[in-house]
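We did not get these values from a lab; they are worked out from the coordinates using the rules stated. Only a predicted model underlies this, so the values are computations on that prediction, with no experimental measurement involved. Cβ: placed from backbone, ideal geometry, glycine included. Neighbour counts: every protein chain shown.
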């Protein structure tokens, strides 16, 4: 991977809703470099989650505004979007886990979608359990977990397929401070291990914690 080429580059992106004249963001420009820990912050309602939808292909951005490896995402076919999503690890505020499945089943779910063999799945599961402490929960149904445990499972699921970069969208929004620090520490360790992180948050306490422990690149949406 050429580290001089941004993984994601956003150029003069504006967004607003037809029924609301106030723009979510105007002429937003930023770049996410390989192996970077990038933090996008701003108050609620400034379009951070909308930006995630652009980056994951749920919304089509205007032409020549968002580039993935120098490719204009607005030109992507549905097949291109699927390839992009396979290269992402996404962590949501509300976890988006399969509640009736076990922790193990949730974590390995992306690998089963890619139809990887059992040997590869077990190897990758072992590796991710060294990063995220949920081994003692593997056979427990997700619906019985606490909020902090669910987010750790979501982190393991996002990491297991060695994504090109990780998008964490308000991952600590439903957590207490103790579990917020756990999530932050896992993301820091993932970045140190070579994962590129794109963290979206409006939590100033989380931001200060990260800045005190690890180099981050900060961008504020006003």
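Observations on the structure shown:
- Modelled spin labels at residue 214 and residue 101, positioned 7 Å past Cα toward Cβ, are 2.6 nm from each other.
- Between residue 4 and residue 29, the modelled label-to-label distance comes to 2.0 nm, taking each label 7 Å out from Cα in the direction of the beta carbon.
- Cα gyration tensor, the stretch 80-139 - rounded (a/c under 1.5), prolate or oblate: oblate
- Rounded if a/c under 1.5, otherwise prolate or oblate - the stretch 48-149, Cα gyration tensor axes: prolate
- Pairs of alpha carbons in the chain whose separation is greater than 31 Å (percent): 20
- Prolate/oblate/rounded call for the stretch 123-181, Cα gyration tensor, a/c under 1.5 rounded: oblate
- Here the spin labels are modelled as points 7 Å beyond Cα on the Cα-Cβ line, and at residue 133 and residue 80 they lie 4.4 nm apart.
- Put simply, the stretch 152-222 fits an ellipsoid with semi-axes of 18, 14, 12 Å; these come from the alpha carbon gyration tensor as the roots of five times its eigenvalues, largest first.
- Measuring nothing but how far apart in sequence close Cα pairs (under 8 Å, 6+ apart) lie, relative to its length, the stretch 110-212 scores a relative contact order of 27 percent.
- The chain - percent relative contact order, Cα under 8 Å, separation 6 or more: 28
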